[in-house]
Each structure stands twice: as C-alpha cells, then as structure tokens.
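The values are calculated or read from the model by the stated rules, or taken from the named source; none is laboratory data. This structure is a prediction, so every number in the text was calculated from the model and none was measured. Cβ placement follows ideal geometry from the backbone for every residue including glycine, while neighbour counts extend to all protein chains displayed.
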Amino acid sequence: MKSKISTTALALALIVLASCSRGYETFTGYAQGGTYSVKANLKGVKICREEIGKTIDSLLVTIDSTLSGYNKASQLSRFNAGETLRPGKLFIETYDKAAELWRETGGGLDCAGGPLFDAWGFGFTADSLPSDKVVDSLLNTCGMKRLRPRMEDALGPDGSLSPKDLLLPRYEGGSLPELNFNAIAQGLSCDVIASYLYSLGVKDMLVDIGEIFCDGLNPQGRPWTIGVDKPFDGNETPGKDLEGIWRSSGGPSGIVTSGNYRKFYVRDGKKFAHTIDPRTGRPVSHSLLSATIVAPDALTADAMATYCMVIGLDSAKAFIDSRDDLEAWLIYSGKAEGELIPEADTTMKTWASPGFINQ
C-alpha cells in the first residue's frame, strides 16, 4: 500500500510539473477562405491543447455560419435572400457595430452597400462593369441611410427578423436590404478568438486570420513585431516583400492592412480598385495603395484600414492625426494621380505615424 501511495504522489507531481512547464502552442487550420494561425502562451492554462483547438475551430465555424456571404446557409446569406430568420447575438451585434461605424465615418463604411459591391464584382458575385445609370440607381436603393440604427428595434416578439422590418418607415415598400460585413468580419474573428483565449487566462497571444490581433510577448520574451507588405502587382505572398515594421508596446493591438494591389481587375486597359466608396458608388481613384492600421482591437483596425482606403491619402493622414487610439503606415504611389497600382515599387512613398518605424 505504501508503494502505491508513493507512485500516485509521483504521478501527481509529474502532472503538476508538466502543467507548469507549458509554454507557447500554435493552432492552425482553415477558415474564411484561407488559413489561420493562433500562437498562445498556455502557461498556467489547465484546459488541454486539443480542447482549445476544437473550441477555436468551433468559434470560427459559428462566425462563418453567421456572417459569411459565401456560405449560402449562413444567417447573412439567408437575410440577403429575403428570408425571415431569428438572428443570433453575433449577427445582431455585428450589424449594430457596422451601423455605428457608418455614422462615425459619415457613410464611408456602409455594410448595406452590398448591391454596389456586387455590381462592381467585389462582393459575392463575379466581375462586372456597371453603367452610370445602374450605379446611380443602386445609390438610391441601398445603404445604411434606409435602415434602422439598431437591429433590436426591428425584431418581432419572438425574436425573428424580416428584412423588410429593418427598413425605416419612409423606405418601406422599397427594395429589401442586403448586407456585407467584409470590412469588419476578419477583424471581428480575431477579436472573438482573443476573447476566448483571455477567458482561459492567456496573456501572451498572436491571432492571425488574415488580420492580426496580438497582446503580451512573443516566445522570445519580446513584444510582437509585424511586417508590412509592399503593395505592388504580383505580391501575393504575405511577408515576402516587406516595406515597414511595427513593434508592439506589449499591450492589446489589432493590426490590419487594406490595399488595392491584390484585389482589382482590368477592363479595357484600365484597373478598377476593389475599394468602393459607398458615398459615390464607384471605385476609388487616388494615390493611396495600402493602409496599415493599429487599433486597440482588430475589428476597429479592420474597419479603419478600409476607411482610409476610401478617403485617400490626405484625408487619411488628417484622420489618423486626429485619433489618439490609432497608428498608421500609409503607402502611396509617386506616379500620376489615378494610376492606382504601380508596376514597380520604385515609385512608392510612405507616411507613418509615430508608432511605426522603417525596416
């Protein structure tokens, strides 16, 4: 009996030592049309690695089944098809946040501009080149200006939502709303995963789902360092050609780059940027090639990176200077105004707020 007790005590001691020696773990998988990578320091975390990995995958599946416009069974796709549904908490909160951003940016970010994005081929449909008549018609029949500022105000007694009930009274009888959360969905996904890790007691993390959220220290015990890609044609491999470096202060930060150098199409010899200004209904035409934004969370960084690409270089500089909670690295073309995407990186110029440094 004495021997058995000693063996049990030794086993318990080994378990405790193993728990205390846990360090960084990496979780990878597929999500939102690409891959994700989550690095987390699991020291002191009692939940096993396998369970954490399964929960991360489950959370990403929930986001996809709620907010993806490419998943035809998602709540977003069903809403856009005109179906009455019972929206979940995530769908409601995402809409309310998107409506808040629309007001904050004076219409520069518009989650209800989906038909405009589709018309230009940068939404959930194939490439196209709409006429001015079509664009002007869509400007009058879509957009957040027609919709209630809070989704809760459109819900029925049973919590159901009919798309027509989201319309403000003066727009009743008009075309049904269509939503597109692409400007914030990936940033939001990073924040959701980060929130889960925080709930486990994780303090050091880097969540990369196309956009990035980080906090604490990296495995070398230093603040995280993130590179900014050079925005030129053919740069399809993130991290291969870097233009600038951002170093974390060790606190929570979302960092997102938005640009026109990977998503565009050429028609009749002219390049059309994928960034659509929802106020004009047309692709932007300015010298700003990419905007990398650092914010306290990834959703805000995601949204503001897109917003900077909408408003252009000079307005983006002024906007960043007015915000104490944002840092930015802006890359723009030195060529003539209107040449959206340079053929060579020798024409590029940069502007950085104090939180960025050159490589």
### Task
Quick one: in segment 289-323, of everything that is part of a loop (DSSP other than H, G, I, E, B) and on the phi < 0 side of the Ramachandran plot, which residue is farthest from the chain's Cα centre (by Cα)?
SER322
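Quick check, is VAL45 out of contact with any Phe, Trp or Tyr (no Cβ under 7 Å at 6 or more places or on another chain), more than 30 Å from GLY156 (Cβ to Cβ) and assigned to a loop (DSSP other than H, G, I, E, B)?
yes
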### Task
Could you tell me which residue of segment 203-225 is farthest from LEU42 (Cα to Cα), considering only residues that are touching a residue at least 12 places away in the same chain (Cβ under 8 Å) and small (Gly, Ala, Ser)?
GLY210
### Query
Within segment 103-123, is there a residue that is assigned to a loop (DSSP other than H, G, I, E, B), surrounded by 19 or more Cβ atoms within 10 Å (Cβ to Cβ), out of contact with any Asp or Glu (no Cβ under 7 Å at 6 or more places or on another chain) and of a type in the set (Ser, Thr, Tyr)?
yes
### Pair list, Cβ under 6 Å, 6 or more apart: segment 45-63 residue at negative phi, other residue at pLDDT below 95 and not in a helix (DSSP H, G or I)
LEU60/ALA31
### Summary
Within segment 63-83, residues among the small types (Gly, Ala, Ser) and surrounded by fewer than 16 Cβ atoms within 10 Å (Cβ to Cβ) come out as ALA73, ALA81, GLY82
### Message
I'd like to know if segment 84-95 contains one or more residues that are closer than 22 Å to ILE311 by Cα, surrounded by 14 or more Cβ atoms within 10 Å (Cβ to Cβ) and either free of Cβ contacts under 8 Å to residues at least 40 places away in the same chain or not charged (D, E, K, R) (or both).
### Response
no
### Query
Which of the residues that make up segment 156-195 are buried (at least 18 other Cβ atoms within 10 Å of the Cβ) and over 28 Å from ILE276 (Cβ atoms)?
ILE193, ALA194
### Message
Condition first: modelled with pLDDT of 85 or more, among the β-branched types (Val, Ile, Thr) and in a strand (DSSP E or B). Now tell me which residues in segment 256-288 satisfy that.
### Response
VAL256, THR257, ILE276
### Query
Within segment 79-89, is even one residue in contact with a helix residue (DSSP H, G or I) (Cβ under 9 Å, 6 or more places away or on another chain), in a helix (DSSP H, G or I) and closer than 19 Å to ASN182 by Cβ?
yes
### Query
Within segment 149-171, can you find the residues that are in contact (Cβ under 8 Å) with a residue 24 or more places away in the chain and either among the hydroxyl-bearing types (Ser, Thr, Tyr) or in contact with a helix residue (DSSP H, G or I) (Cβ under 7 Å, 6 or more places away or on another chain) (or both)?
PRO149, ARG150, MET151, GLU152, SER160, LEU161, SER162, PRO163, TYR171
### Summary
Quick count over segment 186-238, residues being in a strand (DSSP E or B) and at pLDDT 95 or above, is 9
#### Entry: Every pair of residues 6+ apart whose Cβ atoms lie under 6 Å, when the first sits in segment 108-126 and is at pLDDT below 85 while the second is surrounded by 19 or more Cβ atoms within 10 Å (Cβ to Cβ) and aromatic (Phe, Trp, Tyr)
GLY123/PHE117
